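Following: one structure in structure tokens, then a few remarks.
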Amino acid sequence: MGLTEWAYSLSESLLSEPLPRRWAHSLGVATRARSLGPILGDDAELLEAAAVLHDIGYAPAIAVTGFHPLDGARFLRHQEGADERVVRLVAHHSCALLEAEERGLRGDLESEFELEQADLVDALIYCDMTTTPDGTQTTSSERLAEIVHRYGPETVVARFIQRAEPEIHAAVQRVETRRALASADGQPM
């Protein structure tokens, strides 16, 4: 079984029944990741696998700390023996260090999981933050507003997302610039 086939199967088994909307979002994020293939070259499959797995830490079967990037990455590493680069992308997706700090878990996340290369971190932010909870495309501005509205402005998630907003928009812009340049050149970057 290939990396992406395994990732889709695992994510579906953990999310589709208990959290169907989270599963739809994960599929949408993976679709966005697949669309970045032309700028990712050999890392395209890796990003797609991380994209479909990025929210498995919400699954009731594996949630331990209540912080889904950490729970998902620990599960992938310790229970699944997953590719370490996928594990690191899941652990650090969408500025997770800032949310970990809000939750008092930054030290755990930093000590257990190294950051992945910046272009892949940006790409996963782009995919996650331009996909609605139902799996359709959106802008990063609309997505961030939706998150704050859904969770409430005084929650940990809203505080984190407001702190992360400049970096999220910057990452999205970097990916969009890479796509435009690659499209103009016809080459992966």
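What to note about this one:
- Residues in segment 83-130 that are buried (at least 22 other Cβ atoms within 10 Å of the Cβ) and among the acidic types (Asp, Glu): 3 in all.
- Residue match in segment 94-103 (condition: in contact with a His (Cβ under 8 Å, 6 or more places away or on another chain), within 13 Å of residue 128 (Cβ to Cβ) and either without any contact (Cβ under 8 Å) to a residue 24 or more places away in the chain or not hydroxyl-bearing (Ser, Thr, Tyr) (or both)): no
- Residue selected from segment 148-189 under the condition assigned to a loop (DSSP other than H, G, I, E, B) and in contact with a helix residue (DSSP H, G or I) (Cβ under 7 Å, 6 or more places away or on another chain), by the criterion farthest from residue 126 (Cα to Cα): 152
- The criterion of at least 2 residues that are in contact with a helix residue (DSSP H, G or I) (Cβ under 6 Å, 6 or more places away or on another chain), at pLDDT 95 or above and under 20 Å from residue 149 (Cα atoms) is met by the following helices (runs of 4 or more DSSP H) wholly inside segment 55-134: 96-102, 118-129.
- Scanning segment 16-58 for residues that are more than 25 Å from residue 180 (Cβ to Cβ) and over 15 Å from the mean Cα position of the chain (by Cα) returns 16, 17, 18, 19, 20, 21.
- Positions within segment 152-189 being open to solvent by less than 80 Å² (accessible area, probe 1.4 Å) and hydroxyl-bearing (Ser, Thr, Tyr), in sequence order: 155, 177
- The number of residues in segment 1-41 that are part of a helix (DSSP H, G or I), open to solvent by less than 40 Å² (accessible area, probe 1.4 Å) and of a type in the set (S, T, N, Q) comes to 3.
- There is no residue in segment 46-54 that is of a type in the set (Asp, Glu) and either under 18 Å from residue 96 (Cβ atoms) or in contact with a strand residue (DSSP E or B) (Cβ under 6 Å, 6 or more places away or on another chain) (or both).
- Close contacts from segment 1-27, counting a first residue that is free of Cβ contacts under 8 Å to residues at least 24 places away in the same chain and a second that is surrounded by 19 or more Cβ atoms within 10 Å (Cβ to Cβ), with Cβ to Cβ under 8 Å and a gap of 6+ residues or different chains, come to 12/23; 16/23; 23/11; 23/15.
The values are calculated or read from the model by the stated rules, or taken from the named source; none is laboratory data. Every value quoted in this text rests on a predicted model; they were computed, and no experiment measured them. Methodologically, a virtual Cβ is constructed for each residue, glycine included, from the backbone with ideal geometry; neighbour enumeration extends over all protein chains shown. Areas reflect the complete protein model, heavy atoms only, side chains present, ligands, DNA and RNA absent. Shrake-Rupley method; radii C 1.70, N 1.55, O 1.52, S 1.80 Å.
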